[in-house]
Amino acid sequence: MPVRNIARQPVVAGMHALPYSKDIGMTERHSGALAILGALTDAGLTVNEVEGITRYVWQPTTEMEMARVLGVPNLKWFGAQDYGGGAGPPTVALACAAIELGLIDCAVVWRSRNRSSGGRPWAGQMLAEGQDQFERPFGIVRPADGIALLVRVWMREWGWTREDFGRVAITVREHANRNPAAMMYDRALDMQSYLSSRMIAEPLCLFDNCLETDGALAIVLVAAERARDLDVEPVYVTGYALGSGPELYAMTNYYGDSLTTSPNAFVAPELWRNTGLKPADIDVCQIYDAYTPQVPLYFQEFGFCGDGEGAAFLAEAPPYNTSGGGLSEAYVHGFNLIVEGARQIRGTSTDQVAGARHCVVTGGNVVPTGALVLSKEPW
C-alpha cells in the first residue's frame, strides 16, 4: 500500500440525488447544478469553497460551464474521464488525486443525464467510426448487442445459465423494493416473470438490461483535515485504481487475447494493492450492472471466488447493489452506485448492511474502467 498523508485523505462530505424519472423536465445542466448545490448543502459548504470540478466526458456541460452556472470564484483543478459507464470511479479518482497532492481542499463530482427523455447516443452517426465500422454491418449496434456475444462465451465456458442471471435481477429488484427513490420501487420480480420476458439481445432479456432514466447526482470531496471542521459523518476514500487491459476498443474487448476477462481483471490487483485490503475485508459491493452477467464476473475478477465460480458464488456473496443499482434503481452511468456506497458507510441506506466498514464501487467492466473503496475509518 502506498505511503499516504492521513490529513490529505479524501473524504466524501456531501451527496445528493434528484428524484429519478422518465422525464426530469429540465436540461442536464440545470439538474446537475441542483445536484451539486444539494451535495454542498449536505456537506455544510458553499460554492465559494469549491476549488475543483471533475466530470464524465459524456457530460455535455463542461467543468467551466458548471462553475459559471454555480458562481464558483476560481477552479484550481478540473478534468473529465471518458468511456461512459467506466468513468464513475475514475472521475472520483481524478478529484481525489488533486486532494491527496494538496492542490485543492474541496472538489465536486457530478453526473446528470437525460437518458430516458434525451434519446440513445448510439442512434446517431457520431459513434459509427473506429471499430464500429466493422461491427455495425453485422448488427452490433447497441451496447446490449456487443455484450450479448461475450455473455454467450461466458455461458459456454463456465456453464452459466439464464437462471443465474435471473437471480441477479431478482436480488437487485428486492433491494429496489425497499428504496422509495428507485424507479422499480413498487414492481416485484420473480423467476417466472424474468424467464418469460422478451429478449433484447439473446441471451439477454428485458430484465438483464439496465433502466433508461433521467437523473442527476453529485458528491462533495474534501481533505480529511477539512472534514474535521464539518458536521458530517465522514466517508473515507481508502483507495482507487484504473485499468484498461490490452487491445480494448470502446464497449467491446473482442480484440485481446481472452474473451473471458475484462478490464476489471487489471483494475482488481491494483485496487487491493492501493488499499491494503482484500476481498474478505469487504462488507458490501456496488457493482456496475448495466447487464446482469457483469455481477458474477465482478466476483471472479476481484478475487471473491475462483475463475468460473462467479454464478455459484452469488448464493454466498456479500450484499451488492443495495439501492437497486442500474437494473432497478436508475441508470445514470453508475453514479448512483457511488452515492449508495457512501450511504452504506454513513449508515443511511434504505437497505443498510449492519456494521458496513468497507464498500467497493466499480465502473463498467467492458470499457476502460476503475474501482474505489469507501470506508468507515481513515487510513
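The values are calculated or read from the model by the stated rules, or taken from the named source; none is laboratory data. Being a predicted model, the structure only gives us computed values, none of them experimental. Cβ placement follows ideal geometry from the backbone for every residue including glycine, while neighbour counts extend to all protein chains displayed.
Listing for the model above:
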quantity: Condition check for residue 259: surrounded by fewer than 18 Cβ atoms within 10 Å (Cβ to Cβ), assigned to a loop (DSSP other than H, G, I, E, B) and touching a residue at least 60 places away in the same chain (Cβ under 8 Å); calculated: yes
quantity: Of all residues making up the range 1-44, the number that are assigned to a loop (DSSP other than H, G, I, E, B) and within 19 Å of residue 216 (Cα to Cα); calculated: 9
quantity: Residue within the range 164-173 that is closer than 30 Å to residue 95 by Cα and part of a loop (DSSP other than H, G, I, E, B) present; calculated: no
quantity: Odd one out for residue 45 among (1) in contact with a strand residue (DSSP E or B) (Cβ under 7 Å, 6 or more places away or on another chain); (2) at pLDDT below 95; (3) not hydroxyl-bearing (Ser, Thr, Tyr); calculated: (2)
quantity: When residues of the range 55-101 are limited to those that are under 16 Å from residue 368 (Cβ atoms) and polar (S, T, N, Q), the one surrounded by the fewest Cβ atoms within 10 Å (Cβ to Cβ); calculated: 81
quantity: Complete set of residues in the range 69-116 that are over 21 Å from residue 289 (Cα atoms), part of a helix (DSSP H, G or I) and in contact (Cβ under 8 Å) with a residue 12 or more places away in the chain; calculated: 69, 70, 94, 95, 96, 98, 99, 100
quantity: Any hit, the range 277-292, residues being in a loop (DSSP other than H, G, I, E, B), at pLDDT 95 or above, out of contact with any helix residue (DSSP H, G or I) (no Cβ under 7 Å at 6 or more places or on another chain) and surrounded by fewer than 17 Cβ atoms within 10 Å (Cβ to Cβ); calculated: no
quantity: Residues being part of a loop (DSSP other than H, G, I, E, B) and either β-branched (Val, Ile, Thr) or farther than 12 Å from residue 20 by Cβ (or both) - total across the range 324-355; calculated: 12
quantity: Residue selected from the range 264-291 under the condition over 14 Å from the mean Cα position of the chain (by Cα) and polar (S, T, N, Q), by the criterion nearest to residue 238 (Cα to Cα); calculated: 275
quantity: Output for the range 10-32, where each listed residue is crowded, with 23+ Cβ neighbours inside 10 Å and more than 22 Å from residue 329 (Cβ to Cβ); calculated: 10, 11, 13
quantity: Filter result for residue 349 (buried (at least 24 other Cβ atoms within 10 Å of the Cβ), on the phi < 0 side of the Ramachandran plot and either in contact (Cβ under 8 Å) with a residue 40 or more places away in the chain or touching a helix residue (DSSP H, G or I) at 6+ places or on another chain (Cβ under 6 Å) (or both)); calculated: no
quantity: Contacts under 8 angstrom Cβ, first residue in the range 182-196 being in a loop (DSSP other than H, G, I, E, B), partner of a type in the set (Val, Ile, Thr) and buried (at least 17 other Cβ atoms within 10 Å of the Cβ), 6 or more apart; calculated: 183/213; 189/170; 190/170
quantity: Single residue of the range 199-232 satisfying the filter (under 22 Å from the mean Cα position of the chain (by Cα), in contact (Cβ under 8 Å) with a residue 12 or more places away in the chain and not in a strand (DSSP E or B)) that is nearest to residue 38 (Cα to Cα); calculated: 213
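Okay, residues lined up against (1) surrounded by 21 or more Cβ atoms within 10 Å (Cβ to Cβ); (2) touching an Asp or Glu at 6+ places or on another chain (Cβ under 7 Å):
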residue	(1), (2)
157	no, no
168	yes, no
175	yes, yes
185	no, no
190	no, no
203	no, no
214	yes, yes
221	yes, no
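Every residue, every condition in (1) among the basic types (Lys, Arg); (2) within 18 Å of residue 272 (Cα to Cα); (3) touching a residue at least 40 places away in the same chain (Cβ under 8 Å), yes or no:
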| residue | (1), (2), (3) |
| --- | --- |
| 318 | no, yes, no |
| 324 | no, no, yes |
| 335 | no, no, yes |
| 358 | no, yes, yes |
| 362 | no, yes, yes |
| 366 | no, no, yes |
| 370 | no, yes, yes |
